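The values are calculated or read from the model by the stated rules, or taken from the named source; none is laboratory data. Owing to the predicted nature of the structure, the values given are computational and were not obtained by experimental measurement. Cβ atoms come from the backbone with ideal geometry, glycine included; neighbour counts cover every protein chain shown.
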Amino acid sequence: MLRSVILAAARSARVERLVETAPLSREVVRRFVAGTDTSDALRVTRELADAGLAVTLDNLGEDTVTPEQAQATREEYERLLAVLAEAQLTPMAEVSVKLSALGQRFDEKLAYDHARAICVAASAAGTTVTLDMEDHTTTDSTLETLTRLREEFPATGAVLQAYLRRTEDDCRALAVAGSRVRLCKGAYKEPETVAYQSPLDVDLAYVRCMNILMSGPGYPMLATHDPRLVAIGEDRAKWFERSADSFEFQMLYGVRDVEQRRLVEQGYLVRTYVPYGTEWYGYMMRRLAERPANVALFLRALTSR
Ligand code: FAD
């Protein structure tokens, strides 16, 4: 019910205008989205860097349906990477890329070519790219693209979603030397056939996946705001005697800022995921609709630090 209402609102230009002009929603969006253009991304990256945080930047947009949109997304990432390098914010700032924003849904080869061009730009800027993971229909294609990109750019990061039943196997396959893997719970509404449905099952799967990654020779990136999972991550780091530069925590911009800084003070590497761009309305509404728990994530972030 809640999902249908949010999805209807996401499609309504009238609601979009209302939301975009309402002072409160601007406040809310500003809390979770860095701004609309490259200079906003740069400003927020600098602020976070000054606070000792690493950053991964996401140029918003995932409903790419034309080659022109895909090309524009690639060019924005190339511009961003050049600006970050110029401002000496690399390598602490890297980029996160959604293949769907590069045309994956209508032309996988085109998406690969654009992703490769972004990796070339990242490499020239002295930093890395992580491929975000989207719904389960794209997992195989995204992992295949990752494998190809890693032949040339071995530090390209993967994302694995603990809620998918296949993910423990994917963790085993990717827990190899030099392999950067972001582990998250998963943000999309997925069917029971492919994904655990109860929060407890997802948490247990997250811990099993974390054990595989943290005990292996790769570079795990633990993306969660869940205090219990963060504590287990800290515990596993000690148990497996991982040095501070052999793994990292990741959280979203605007969510649990105080916890992000606490972890930095404890000596951990923490990376903040910073979305920016003009397409914030669709991004936030879809995130909320895909998974009603995301409503709670944003509401909690507004009422707590
Ligand atoms: P939740 O299940 O949302 O919350 C668990 C517990 O954490 C809560 O009960 C509460 O105790 C605590 N908590 C959560 N939020 C707050 C808060 N604001 N304040 C206080 N306590 C809080 N998903 C994808 O599908 N693909 C991706 O590529 C992807 N990339 C991501 C990158 C990063 C850096 C992060 C952080 C998330 C990413 N996600 C991605 C989203 C992820 O899959 C989850 O949907 C999202 O992080 C919510 O799950 P959670 O682990 O944070 O915990």
Which pairs do you get when a residue that is within 17 Å of residue 233 (Cα to Cα) and part of a loop (DSSP other than H, G, I, E, B), found in segment 250-261, comes within reach of a residue that is near the ligand (Cβ under 7 Å from one of its atoms) and not basic (Lys, Arg), reach meaning Cβ atoms under 6 angstrom, with the pair 6+ apart or on two chains? 256/225
Report whether or not residue 248 is away from the ligand (no atom under 12 Å from the Cβ) and at pLDDT 95 or above. no
For segment 196-249, give me each residue that is part of a helix (DSSP H, G or I) and basic (Lys, Arg). 208, 228, 236, 238
Does segment 165-187 include one or more residues that are at pLDDT below 95, surrounded by fewer than 20 Cβ atoms within 10 Å (Cβ to Cβ) and within 16 Å of the ligand (Cβ to nearest atom)? yes
Here's a check for you: in segment 257-286, which residue that is of a type in the set (Gly, Ala, Ser) and crowded, with 16+ Cβ neighbours inside 10 Å is modelled with the highest pLDDT? 277
Within segment 203-226, track down each residue that is near the ligand (Cβ under 9 Å from one of its atoms) and more than 16 Å from residue 249 (Cα to Cα). 203
Working only within segment 136-169, note down all residues that are hydrophobic (A, V, I, L, M, F, W, C) and within 16 Å of residue 108 (Cβ to Cβ). 143, 146, 149
What number of residues in segment 102-134 are over 27 Å from residue 83 (Cβ atoms) and touching a Ser or Thr at 6+ places or on another chain (Cβ under 9 Å)? 3
For a quick check of your reading of the model, give me the residue pairs whose first member lies in segment 161-183 and is closer than 16 Å to residue 141 by Cα, whose second is part of a loop (DSSP other than H, G, I, E, B) and among the aromatic types (Phe, Trp, Tyr), with beta-carbon atoms closer than 9 Å and at least 6 apart or on different chains. 161/188; 164/196
Kindly indicate which of 110, 183 is part of a strand (DSSP E or B) and more than 26 Å from residue 42 (Cβ to Cβ). 183
Residue that is surrounded by the most Cβ atoms within 10 Å (Cβ to Cβ) [pool: residues in segment 188-202 that are of a type in the set (D, E, K, R) and either within 7 Å of the ligand (Cβ to nearest atom) or in contact (Cβ under 8 Å) with a residue 40 or more places away in the chain (or both)]: 190
Could you check how many residues of segment 128-154 are crowded, with 16+ Cβ neighbours inside 10 Å and part of a helix (DSSP H, G or I)? 10
Do any residues in segment 90-105 that are more than 14 Å from the ligand (Cβ to nearest atom) have Cβ atoms under 6 Å from those of residues that are of a type in the set (Ser, Thr, Tyr) and in a loop (DSSP other than H, G, I, E, B), where the two are at least six apart or on different chains, and which pairs are they? 90/127; 91/127; 103/64
